[in-house]
Amino acid sequence: MGNELADAIRTQLRLALLGHYGTLEVAAEALGIPYKTLYRALTESGKDRTARVSLDFVIDVSNHLERVAGVDLAEIHRRAQIKADVPGTPQDQDEWDLAARPRSVDRGEDIE
């Protein structure tokens with residue numbers, strides 16, 4: 001499951017950069033990093049793909065995208081989850097049960 005989400009995050013970062021800048025060359029220049037570094041980090045497959053992308057890289061790119069395009073890391077992650085078909089963060093069932101219990105209006109107590 002982790003690899004699918006990681007690849008989906010790479011894809012969403014790449015798509016967001018391409019959507020804003022048009023090419024990865026221009027995006028790399030705007031980010032102040034070499035084109036080859038950006039290309040290898042955002043490639044999902046092939047011999048040029050970097051096996052692991054650092055969290056610092058993802059945060060730096062997403063912070064840049066948030067400043068210039070209004071797309072933050074939370075949005076990148078949401079889009080990646082959809083692409084990778086990964087379920088969202090599960091909520092604790094007790095939290096849902098507590099929130100769903102009806103309360104007596106006049107006493108503020110749980111009705112069971």
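Just a few scattered comments:
- Applying the criteria of a DSSP loop state and at most 13 other Cβ atoms within 10 Å to the chymotrypsin sites (Phe, Trp or Tyr not before Pro) of region 4-44 yields no site.
- Label-point separation in nm, Val26 to Asn63, each point 7 Å along Cα→Cβ: 2.5
- The charge dipole of region 8-92, taken about its Cα centre with unit charges on the Cβ of Lys, Arg, Asp and Glu (plus for the first two, minus for the last two), comes to roughly 320 debye.
- Those trypsin sites (Lys or Arg not before Pro) in region 1-86 that DSSP places in a loop and that have at most 11 other beta carbons within 10 Å: Lys47, Arg52
The numbers here are math on the coordinates, done by the rules we state, and not lab data. Keep in mind it's a predicted model, so treat the numbers as computed, not measured. With ideal geometry, Cβ positions are generated from the backbone for all residues, glycine too; neighbour counts draw on all protein chains shown.
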